[in-house]
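A short worksheet on the structure shown next.
Values in this text are rule-based calculations from the coordinates and carry no lab data. Quantities reported herein were computed from a predicted structural model and do not represent experimental measurements. A quick note on method: Cβ atoms are made from the backbone with ideal geometry, for glycine too, and the neighbour counts reach across all protein chains shown.
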Amino acid sequence: MMRGLILLGLMGFLGAVAQPKADGIHHLFDLLAQWHTGQTEGLLVPTAVRTVASGGIRKSGGFLHPTQRPARIRFTLSLPVISAGEKLVLLAWVGLDDKVPRDDAARPHNGVRAQVVVNEQTLVETDCTDAGWRQLSADLSPFSGQTVRLEFVIDGKANTIYDWAYIAEPRIVRLRERFARKVARTLPPEGVLELRSDKSITLRVKPVPQRDGESRPIQIELPANQTVWLEYSFHGAQEATLEAVEGVNLDARVYEYLPRLQFEGVYTRQALLRPGDMVEVVAVVHNRGQGTWRNDTLRLELNPLQDVQVLDKPDPDFTLLAPGESHPLRFRVRVGSRPKLVLILRSGAGSDAFILTPAVARLPTGVPPTGRIVRRFGEHLVLQNERLRFVLSPAWGTGMSGRLFGRQRDAWTQLASMPSVAEAVLNAENAPPKPAPFALENVNLDEANLRLTLQGRMGLVGRVSLEFRLVENRLECIARLNSTVNAHLYQFRFPDWRIGDGSFGERKDEAIFPGLEYLLGEEQSSGEANAAPPHHLRFAPHPYKITVPLMAVRWRNWLVGMHWNAQQNWSGVLQAPNALFLSPNWREHGAHHRFALWVPTIPRWADENTLQAREPFCLLKGESVQLSATLFVRADARDISEAIEGYLQQYGMPYPPAPQRNDAAALILSLRGLLNSWDANQRTWRHTNTGPTFYDPLIALGLWVLAHRLPPEDKERARAIQQVREAVEAVAPEAMGWEMAFYLGKLPRLLNHWKQATDALRRTQRADGSWAWQPASERHKIFGKAGDTSSGHTGEHAARVGRYALCTLDSDALKSLERALQFLEKQRRPEGAQTWELPLHVPDVLAAPHCINAFLNAYEATGDASYLQQARRWALRGVPFIYLWRASDRPIMLGASIPVFGVTWLSQQPWFGVAVQWNGLVYAHALYRLAEHDNSIEWRRLADTITLCAVQQQEWVTECYPSDEGFYPDAFSITRGTEEYHWDLNPRLIPPCLARKVGFVPEPVTRVVRSGGRAAAITAPGLKSATWEGNRLQIEIEPPAALPALFIFMSGLKGVDQVLLDGQPLPKVNDMDTLIWQQPGMLSGWMQHEQGLLVRLMQPAPLCKIEVLFSHAL
């Protein structure tokens, strides 16, 4: 009773504490938040909200690009009635993107004119020619109480070239004049500034000092005898200054934003404690106001209510807290069995209180160290096999708690905990939402299962049935929430694991959350290294952004993860529950990693990156919500990719999607796409529906091979052959591509050029085997440190050197490859293969195929099986970027490939939940190659899945944009089920993959044969087999099409006496540096080259048998 009276007294005292004074700014409309609702016209491209820099200052704004008509966006608003002494003011900025080319003489940029129009009346306008934001404010007080049509207008003036204009931070506020104060020079760091001058002047507002790097002043163009308002904020500044102008009558007033301090939360670093434990407590102070807290009084008082000893007191060690910032205050306590602690925050910016009730549960005694156990030990329930032990215990503060232990040799180690085994926030209809604590009602034990029922302790709203089952190294968890009355459900979370709690804590070597996170070492989930705010947050994402329903963390030999069926029905036909991933648990400052599932789902009921629904799910009496997931443990892990392998063993590789077309029709669709990309004027192909246009050997290869698989009378065959001939004749011979030389000729010249290019590449390799990355421009320096490298950057170079090494068995190239692979063996993540627009260390799927190909080149060249194992590991590391499931309302999803877990230019285009299928096709091509050597995993099925998803996307474009038949999107949004933006690619990467699915290979194939300590590499289109016995080399070729010619290269062969085709000798020739159509009557034959033997077959048969007889080989 006394403790209750004390608590009531504390609460009453807090209510009497003086609260901070009010500010004079009230936000009415945030027009950027409702930008998508505006009516637009005159736009060259659809409007979008982006964060851009103008004059080096980044702001979030709505993009408006005019046509010959001005671009407009219109909002219909009901403005409130204002009282005397109040104003309605529109605040906004207008600016041009810093990326606008201002030195393009051929396409000169002349800027834009921006206007604010209300009810067809222009209130303010300004010209934007140079970089930098300009204020765009207007007095809306005359429209008080009216419904108005407010328009932002961007006029391109004489031309619309590079008119990349943005309306930034548009909002309507109500200003209360009695809170305004006159200023001369010194300003608060945030506020709304009201200015009026008797002359047209330019003013500057700048921060002094600024905590976060270089200050950037705001420049203000102030017209004579007009009032201008501008909202400013200098994050991290103590104050700001208004630079004075001599000889001007300037009236300056500021409406100051004020701070508001409160507890964001109070947490124990360890989630589940035992009586007697000492633990660090983190009290997080948050500034929820819009003004900076500066050097004000702040005090934290601690009042133990029961069973807790405060070991030290926090000392506030900060003097500035910007809006939206938080600061942790730390202290230690020792807990008993029923601890409770009151914390009181006192400051001039507000007071707050918090009652901390840590979760405390004892451990059972007398549990046998081995054997299968399902039984009670006093108040505890224990489920145990030879690998895992799961303990359920009553816990102070949470009801029932759980701990999971893993066995390593003869010792049990705690690996995870659940402070509360089930959590819900719900209410009966017409009642406020509240947490629903549950108490144990009954238990049912059998040989392998532990079942229990929990009943709500605060009314009879809900009952939870739980089931836990141990199977080898897995704990299967199922929960069902039943409602006993009609209820509103805001949150049901199960299971909710704290991984590492009580053992390895927040440490990790690697962690994955496929589709969103691939973390190393001390990297934090939702980090800003590869995604600037607000895109960085991804701890509770849209479920369709998760590519594989799995999360895992590895610390040394321990690998702990959770997987679930993403298509599980959580209520009736509703599927795809939300997932929560925090590594470490930075939201609660926990020394652990948090894995959980919860409903109702995003986006229908909840917003991304929240923990509770914004809108309740109606749970009718007698209905239920169910969630299930499996926790798995390995005690011998070496790489996080083993979690992916375990998932595939558990669920199997999914079967590919089913496009509308069969494989043969899909190849024709790709052929038409390639044909449609032809630019007759430039005699080459468009890379996309809008350009650029350039010669591409991969397009030439696809057209040449696919055309020759068609009947001779087919018109598309003739078109394709003619396009290739014109394109090849229009480029330098070295640019034709070495692959095409195996079909068209000039192979000696291309081999020499290939060697020169490889030698140049080797010369840039560093001693450790890597290649140094250098930023392509000043702008690219944000992506990494010059001289650093990544698995993607080095892997790409290694694959290129390795392909030449495999084809030629060149000793210098092989040594270079081996050094590169020694470096890559130490890398643990695919990253940094697309640094033209993304950071060097962003997780990147494109790095995986580079590394796979590099290791396969070495394996095929040397026969060393360790290289094959490394290729397999890199293939597993690429899986987290590929969707292995499909939602019922997303036909295009399974097999879609996420390019990176990051954002283009950090702030422009997020790639979470956005497929870039050309990346996946490069990966699929490498998987087809791996499948020839490794069948431990269904690599071919995964490659088919990726390939057919690309065909589905081709079909989508063909239906929506018939003029782009056969193309596919550069980016396809999985969350929205449509293209991310309209930009389509030609299908150059699809035929090489689709052909392998069908059963032929367009590009030349290399096989290495060995005999008596000697080795030779044979490369040819359609190469099927090669054997070497004594001085006789025999090969078989099945050409991929009815070709006019093909060429064979056999590295290292010298002293050749004779070459036989189907038993008949071939003549020596000396015209292999001639294209096959340039010399009439060209014959099959062979010639000796400095790097080996070259053979030409004219009009090759469907099966060709070649024999090479020689006296010796090098």
(request) Between the alpha-carbon centers of segment 662-722 and segment 1054-1114, tell me the distance in whole angstrom. (result) 29 Å
(request) Between beta-carbons, use under 13 Å as the cut-off and find the net charge around ALA114, counting Lys and Arg +1, Asp and Glu -1. (result) -2
(request) Quick one: net charge around PRO170, please, counting Lys, Arg +1 and Asp, Glu -1 for every other residue with C-beta under 11 Å from its C-beta. (result) -1
(message) Run the simple label-point estimate for ASP198 and LYS1105 please: 7 Å along Cα→C-beta, distance reported in nm.
(response) 10.7 nm
(message) Could you derive backbone 3J(HN,Hα) for segment 1091-1096 from the dihedral phi with the Karplus parameters 6.51, -1.76 and 1.60 (θ = phi - 60°), listing whole Hz in sequence and x where the residue is Gly or Pro?
(response) 9, x, 10, 10, 10, 10
(request) Can you tell me the dipole magnitude for segment 1005-1113 around its Cα centre, using point charges on the Cβ only (Lys, Arg +1; Asp, Glu -1), in Debye to the nearest 20? (result) 240 debye
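Using unit Cβ charges (K, R positive; D, E negative) and no other charged atoms, how large, in debye to the nearest 20, is the dipole of the chain about its Cα centre? All intermediate terms of the calculation are to be shown ahead of the outcome.
Details: 120 positive and 117 negative charges, 473 e Å.
Once rounded to the nearest 20, the dipole reads 2260 debye.
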(message) Give me the three principal axis extents of the chain from the C-alpha atoms, as integers in angstrom, largest value leading.
(response) 107, 87, 55
(message) Test of understanding: ordering ILE1076, ILE73, ILE1018 by Cβ neighbours within 10 Å, fewest first, what list do you get?
(response) ILE1076, ILE73, ILE1018
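Loop-only check: which trypsin sites (Lys or Arg not before Pro) in segment 756-801 are DSSP coil with at most 16 other Cβ within 10 angstrom?
Values: sites: ARG762, ARG763, ARG766, ARG779, LYS781, LYS785, ARG800; in loops: ARG766, LYS785.
Filter output for segment 756-801: ARG766, LYS785.
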(request) Would you pull out the residues with amide H under 5 Å of VAL842's amide H, same chain only if 5 or more places away, H placed 1.01 Å from N? (result) GLY832
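Report the extension gain between ARG604 and SER777 in nm, rounded to one decimal, defined as 0.36 nm multiplied by the number of residues separating them, less their alpha carbon distance.
On the way: separation 173, 0.36 × 173 = 62.28 nm, distance 4.31 nm.
That pair, ARG604 and SER777, stretches by 58.0 nm at full extension.
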(request) Would you work out which of THR241, GLY265, VAL254 lies farthest towards the positive end of the dipole of segment 237-320? Charges go on Cβ: Lys and Arg +1, Asp and Glu -1. (result) GLY265
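Would you please give the FRET efficiency between LYS826 and LYS99, computed as 1/(1 + (r/R0)^6) with r the Cβ-Cβ distance and R0 = 41 Å, to the nearest 0.05? Could you put the intermediate results ahead of the total?
Working: r = 37 Å, r/R0 = 0.91.
For LYS826 and LYS99, the calculated efficiency is 0.65.
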(request) Could you work out how far apart the two model spin labels at THR370 and THR690 are, taking each label as a point 7 Å from the Cα in the direction of the beta carbon, and quote it in nm? (result) 6.9 nm
(message) If you fit an axis through the alpha-carbon atoms of helix 2-16 and take the longest principal axis of the Cα set of the chain, what angle between them do you get, 0 to 90°, nearest 10?
(response) 90 degrees
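From Cα pairs below 8 angstrom and at least 6 apart in sequence, can you work out the relative contact order of segment 764-878, rounded to a whole percent? Kindly include the intermediate steps, with their values, before the conclusion.
On the way: 207 pairs, mean separation 31.4, N = 115.
With pairs under 8 Å counted, the relative contact order is 27 percent.
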(message) With n ≥ 4 as the cut-off for DSSP H runs, can you work out [θ] at 222 nm for the chain, using -39500 (n - 2.57) per run divided by the number of residues, rounded to the nearest 500?
(response) -6000 deg cm²/dmol
(message) Going by amide H atoms built from the backbone, whose H comes under 5 Å of the H on GLU423, apart from near neighbours?
(response) ARG493
(message) Through the Karplus equation 6.51 cos²θ - 1.76 cosθ + 1.60, θ set to phi - 60°, convert the phi angles of segment 156-172 into ³J(HN,Hα) values in whole Hz; use x for Gly and Pro.
(response) x, 6, 5, 8, 10, 5, 6, 7, 8, 9, 9, 9, 10, 6, x, 8, 10
(message) Please compute the modelled spin-label separation between PHE318 and ARG107, points set 7 Å along Cα→Cβ, answer in nm with one decimal.
(response) 4.6 nm
(request) For ARG362 and VAL248, calculate 0.36 nm times their separation in residues minus their Cα-Cα distance, and state this gained length in nm to one decimal. (result) 33.5 nm
(request) Go through LEU1033, ILE1048, GLN1058 and say which Cα lies farthest out towards the positive end of the charge dipole of segment 1005-1113; charges sit on Cβ, +1 for Lys and Arg, -1 for Asp and Glu. (result) LEU1033
(request) Distance from a point 7 Å along Cα→Cβ of GLU301 to each backbone N in segment 344-383: keep the residues under 13 Å and list them by number. (result) 344-347, 351-354
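Only four residue types carry charge here, +1 at the Cβ of Lys and Arg and -1 at the Cβ of Asp and Glu. Report the dipole size of segment 764-878 about the Cα centre in Debye, rounded to the nearest 20. Intermediate results must be reported in sequence, preceding the final value.
Details: 14 positive and 13 negative charges, 55 e Å.
About 260 debye.
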(message) Residue by residue through segment 420-432, what is 3J(HN,Hα) from phi via Karplus (6.51 cos²θ - 1.76 cosθ + 1.60, θ = phi - 60°)? Round to whole Hz and write x for glycine and proline.
(response) 9, 6, 8, 10, 8, 10, 8, 7, 6, 4, 6, 10, x
(message) Could you work out how much longer the chain between GLN121 and GLU837 gets when fully extended? Use 0.36 nm per residue separation minus the Cα distance between them, nm to one decimal.
(response) 253.5 nm
(message) Charges on Cβ only, +1 for Lys and Arg, -1 for Asp and Glu, centred on the Cα centroid of the chain; of LEU669, LEU230, PRO70, which one is farthest towards the dipole's positive end?
(response) LEU230
(request) Please give the FRET efficiency for ARG1010 paired with ALA760, using the beta carbon to beta carbon distance and R0 = 45 Å, rounded to the nearest 0.05. (result) 0.90
